[in-house]
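The values are calculated or read from the model by the stated rules, or taken from the named source; none is laboratory data. Computed from a prediction, not measured in an experiment: that's the story for all the values here. Here the Cβ is made from the backbone with ideal geometry for all residues, glycine too, and neighbour counts use every protein chain on show.
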């Protein structure tokens, strides 16, 4: 920032001698630059329809809910997502979020230009959407475009639900493979002595399944070595840990299909992960969403459902009516098509 001022004011002795520490730079950005850029954004949002994006997360420093508000506008012949402001809340119920919008958005912008509300999908957010829709209908005789909740969250949750439905306990083993040796130097030393290598499981996040493909792939790599460690621990060649994570790993080490189960989940996650790759973007992808999900559903069902059943179902509605719980509609196991 100092170098910028020196170029702006090359003949200024003040600019030549000035210094900026962290705090001064922060104040300059927050109280000097931010209001200017906020006014530019407000000007664009007042002249055209805009999309309101919001998300709540814990601010550990303040121990409050941080409500971040972004605006999506058409800018310079492209869609632009811009940070607008933040608010800090104790409770984050529907009424609290609406009050924050009224305080931080409605004071400078008009809801009349509100085109859509983008959110991740919890029930409180749907309640916010409903309240805003009612407000626009009552005051401006208009409506918000309803495209449902965040498709990325829905896809994560669908894979998580499918993994849980198998009953295999994949979440437990992936967490255990990381926890068993995390921050335990003595146990790591025993493991490396038993296996003559230093490859470990990596951190796993149960609610973001599609971002856990690396954790699943690492699990298949380390599992043979962990089995060797468990065998030696059970023969008392090394000390067997008295932990829940060890009990989970020991149980899985006795399952002859353990690696096959992990590989199947990797296949399923990679197949669906193409959606995240394509749609986690700032480009306006909504016009293509339906056809993409139609294709994803069809290719997924082709892996397991009889070909003639899938081909006869020429629409999404007909695909959804195929009873996948009926063995008569499913391929024989040897005909399953698994591919990335």
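When residues of the range 64-88 are filtered for being free of Cβ contacts under 8 Å to residues at least 24 places away in the same chain and more than 23 Å from the chain's Cα centre (by Cα), how many remain? Final tally of qualifying residues: 3.
Would it be correct to say that residue 237 is over 16 Å from residue 173 (Cα atoms) and either part of a loop (DSSP other than H, G, I, E, B) or in contact (Cβ under 8 Å) with a residue 60 or more places away in the chain (or both)? So that I can check it myself, show each step before the final result.
Values: over 16 Å from residue 173 (Cα atoms): yes; either part of a loop (DSSP other than H, G, I, E, B) or in contact (Cβ under 8 Å) with a residue 60 or more places away in the chain (or both): yes.
Yes: the conditions hold for residue 237.
The requirement of being more than 22 Å from the chain's Cα centre (by Cα) and surrounded by 14 or more Cβ atoms within 10 Å (Cβ to Cβ) is satisfied by residue 38.
Output the residues belonging to the range 317-340 that are surrounded by 15 or more Cβ atoms within 10 Å (Cβ to Cβ) and closer than 22 Å to residue 154 by Cβ.
Filtering the range 317-340 down to residues surrounded by 15 or more Cβ atoms within 10 Å (Cβ to Cβ) leaves 319, 322, 329-331.
Residues satisfying the conditions are 319, 322.
Every condition in (1) surrounded by 13 or more Cβ atoms within 10 Å (Cβ to Cβ); (2) over 30 Å from residue 145 (Cβ atoms); (3) more than 26 Å from the chain's Cα centre (by Cα) is met by residue 313 except one, and the failing one is (2). Scanning the range 222-232 for any residue that is touching a residue at least 60 places away in the same chain (Cβ under 8 Å) and under 28 Å from the mean Cα position of the chain (by Cα) turns up nothing. The set of residues in the range 186-220 that are within 19 Å of residue 272 (Cα to Cα) and part of a loop (DSSP other than H, G, I, E, B) comprises 204, 205, 206, 207, 208, 212.
Does residue 250 satisfy the criteria of being assigned by TED's automatic domain parsing to the domain that holds residue 165 and surrounded by fewer than 18 Cβ atoms within 10 Å (Cβ to Cβ)? When the stated conditions are applied, residue 250 does not pass them.
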